[in-house]
1. Determine ³J(HN,Hα), in whole Hz, for all residues of the range 15-24 in sequence, where each value follows from phi through the Karplus function 6.51 cos²θ - 1.76 cosθ + 1.60 and θ = phi - 60°; x replaces Gly and Pro.
2. Report the gain in length on full extension from Ala77 to Glu59: 0.36 nm times residue separation, minus Cα-Cα distance, nm rounded to one decimal.
3. Could the peptides 32-39, 2-9, 212-219 be put in order, highest first, of the mean number of other beta-carbon atoms found within 10 Å of their residues?
4. If the reach is capped at under 15 angstrom between alpha carbons, list the aspartates and glutamates near Lys160, excluding any in the same chain fewer than eight residues apart.
5. Over all Cα pairs of the range 9-256, how is the pair count split among 10 Å bins, expressed in % and running from 0 up to the last occupied bin?
6. Please compare each pair in Lys165/Lys221; Lys24/Lys74; Lys15/Lys152; Lys31/Lys252; Lys3/Lys252 to a cut-off of 24 Å on the Cα-Cα distance and tell me which ones are over it.
7. Show me the ranking of peptides 15-21, 69-75 by mean Cβ neighbours inside 10 Å, starting with the highest.
8. Which order, highest average first, do 167-180, 222-235, 82-95, 138-151 follow once you tally other Cβ atoms within 10 Å for each residue and take the mean per peptide?
Amino acid sequence: MKKNVRKAIIAGNWKMNKTRPEAKALLDELKPLVADVKGVEIVACVPFTNLETALAAAEGTNIKIGAENCHFEKSGAFTGEISADMLAEMGVEYVVLGHSERRQYFNETDETVNKRTKAALAAGLKPIVCVGELLWERECNITEEVIARQIKLDFFAISKEDVKKCVIAYEPVWAIGTGKTATADQAEEVCAFIRAQLAKLYDNDTAESITIQYGGSMNAKNAEDLVSKTNVDGGLIGGASLKAPDFTTIIKAAENG
Ligand code: PGA
């Protein structure tokens, strides 16, 4: 991490977990554990049904609340969808976009990720845009091609001012929920590559200022090693964010890193 240059962010991605009482209980457990944390932005990205509960539970604390997706249109006949404006009006600050599970199970493409990112930015949300290669792609030695393409398409026609409001999460798909973490060196290699791509598309100062997280089986044990890397500015954490003590250990690793 380079905390003097860019913000360290540890974000939990709760996925499809927790009822409202469970969400409140988890945040109530987390609050005192992280109350004195400085220099790390703490975010909990929760299911839509938990947003109001989570916002109330986090009020007046150092925990920010995010959603896990949003639609790209402002409003209209899109049954079952939630717009960026709806989230912003509630006081939601962050939104995860282009998560590999959305790409894999819900047919999201780089084109729709790009549209969602633009919609989120227009609503004043901070997008956490996820990119990452499949195991097959890594084995075929095309990780950099895949990542370069995703960065180019997901941020197509997004201005320099706007891209600075985004967070990028590098999540190798083979590491998500599998217990297989990328090594710290593998994470650093791709996060540095992403930064180099941003420098090409924008400029060096812009690239240096953007928070790039690692995600994929990041946990209380491996977090310290991962965030010790220059280009790993935090994490997007699934499973381990559902346990307050583990999530706290990861946050403290980033605080001390
Ligand atoms: P995981 O999920 O930490 O459970 O692997 C990470 C993510 O999908 O964001």
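1. For the range 15-24, the Karplus-derived couplings read 6, 9, 9, 5, 7, 4, x, 5, 5, 4 Hz, x marking Gly and Pro.
2. That pair, Ala77 and Glu59, stretches by 3.2 nm at full extension.
3. 212-219, 2-9, 32-39
4. Candidates past the 8-residue exclusion: Asp203, Asp205, Glu208.
5. 8, 34, 39, 18, 2
6. Lys165/Lys221; Lys24/Lys74; Lys15/Lys152
7. The most tightly packed comes first, giving 69-75, 15-21.
8. 222-235, 167-180, 82-95, 138-151
Laboratory data are not the source of any read-out in this text; all were calculated from the coordinates shown. Just so you know, these numbers come straight off a predicted model, no measurement behind them. Positions of Cβ are generated from backbone atoms using ideal geometry, with glycine treated the same way; all protein chains shown enter the neighbour counts.
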